[in-house]
Amino acid sequence: MAKVLLENVWKIYPGGVVAVNDANLVIEDQEFVVLVGPSGCGKSTTLRMVAGLEEISKGSIYIDGKKVNDVPPKNRDIAMVFQNYALYPHMSVYKNMAFGLKLRGYPKAEIDARVREAADILGIHALLERKPKELSGGQRQRVAVGRAIVRKPKAFLFDEPLSNLDAKMRVQMRTEISKLHTRLSSTMIYVTHDQVEAMTMGDRIVVMKDGFIQQVAPPLELYDQPANQFVAGFIGSPPMNFFKGRIEQKAGGLWFNEGKGSIRIDDQHAARLHGHVGKEMVFGIRPEDVADALYVTNPAPDQQLKARVEVVEPMGAETYLYLNTGVHSFIARVNGSEQAAVNQELTLVLNMKKSHFFDATTGATIV
């Protein structure tokens, strides 16, 4: 397997459109790295440059220590799994998986051994004689992955491979791919727009926006210590709540005024916010850190907001409450047994120790 290195990589299309802006990234040998971001952020373009399917405008890409800028895709020793499966419809599953090895001149016995080994790994041995049209979406995706496995490449590249599957099958397949990574101990680069996929699969996650890498970190670090407001809002489901307002100095310390109500900032955060008194800020807090005061033991009276319930979404073990203070809309994720009704006014307790503060202009994390 191999280490993949991107050094100051740019992709600039005719007309000056910058798809990838000065990307620097190290993907270690045997690491599972996920590129995630909204449509048009540059994640698939980055993957395609690693694969050699897109020409690099500036910078360098190294695979296993070798610079590959001018190396054609077939000689990079990587295998790519596409969103649309890209199976040959007239060939059986066996022939689809064997085709790449046949083109490279492998002996028949070795081709057969590799195909059957991959089929056993993926549980598709019974499908080898079928044509793609006779397979379900999940089975086709397994075949596409199997075609990559037989190559035994230095790195696997996945370009949104699960986006055509239904929700249940996506969950099953992402588990299968994670298990596959463990079994093969291989370098994998995976592109998705789904932050849940990213959080559950990646050793590290690369968050991208408008061609720029915003942050590279393990999943929980991204979740707990986002580099900026974009990362904070993109990672997490439901997303982080944001309130625009000002930091005020009052008796008892620093407070955040969101327009209808004020919340006292805990001492740990306040110690780093004294230089921002009077300035407009963005306060962020995750839905699970907002609770109905009726169900909290000894709720802090200075860390509460009043809000009206606009929507109640029962999810079973938990319930999402969509609330409005009169200035800001936000979400609380509460226990499914807690009762709330539309148009009911609630007093919400905010866990300020889990709060985040962002620069209102740049979006950069202050604390």
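The values are calculated or read from the model by the stated rules, or taken from the named source; none is laboratory data. All values derive from a computational prediction rather than experimental measurement. All Cβ positions, even for glycine, are placed from backbone atoms using ideal geometry, and neighbour counts span all protein chains on display. All accessible areas refer to the heavy atoms of the entire protein, side chains included, with ligands and DNA or RNA removed. Shrake-Rupley method; radii C 1.70, N 1.55, O 1.52, S 1.80 Å.
Please state which one of V290, V311 is out of contact with any Gly (no Cβ under 6 Å at 6 or more places or on another chain), in contact (Cβ under 8 Å) with a residue 24 or more places away in the chain, closer than 22 Å to S237 by Cα and surrounded by fewer than 13 Cβ atoms within 10 Å (Cβ to Cβ). Going through V290, V311 in turn, the sole match is V311.
Selection of segment 326-367 for residues being open to solvent by less than 20 Å² (accessible area, probe 1.4 Å) and of a type in the set (S, T, N, Q) yields only S355.
If you go through segment 228-260 and keep only what is over 12 Å from the mean Cα position of the chain (by Cα), farther than 22 Å from L25 by Cα and not in a strand (DSSP E or B), you end up with P238, P239, M240, A251, G252, E258, G259, K260. When you look at L273, is it farther than 15 Å from L350 by Cα, open to solvent by less than 60 Å² (accessible area, probe 1.4 Å), modelled with pLDDT of 95 or more and in contact with a strand residue (DSSP E or B) (Cβ under 8 Å, 6 or more places away or on another chain), yes or no? In short, yes.
For segment 288-303, a tally of residues being within 9 Å of N351 (Cβ to Cβ) and more than 31 Å from the chain's Cα centre (by Cα) returns 1. What are the residue pairs meeting all of these: first residue in segment 144-159, first residue assigned to a loop (DSSP other than H, G, I, E, B), second residue of a type in the set (V, I, T) and open to solvent by 10 Å² or more (accessible area, probe 1.4 Å), Cβ atoms under 7 Å, and 6 or more apart or on different chains? Partner pairs satisfying both residue conditions: P153/I78; K154/I78. Of the strands (runs of 3 or more DSSP E) contained entirely in segment 1-86, those carrying at least 2 residues that are of a type in the set (S, T, Y) and in contact (Cβ under 8 Å) with a residue 12 or more places away in the chain fall at 58-63. Among residues of segment 168-227 being assigned to a helix (DSSP H, G or I), open to solvent by less than 50 Å² (accessible area, probe 1.4 Å) and among the hydroxyl-bearing types (S, T, Y), the one that is nearest to C41 (Cα to Cα) is Y223. Could you tell me whether E117 is modelled with pLDDT under 95 and over 29 Å from the mean Cα position of the chain (by Cα)? Yes.
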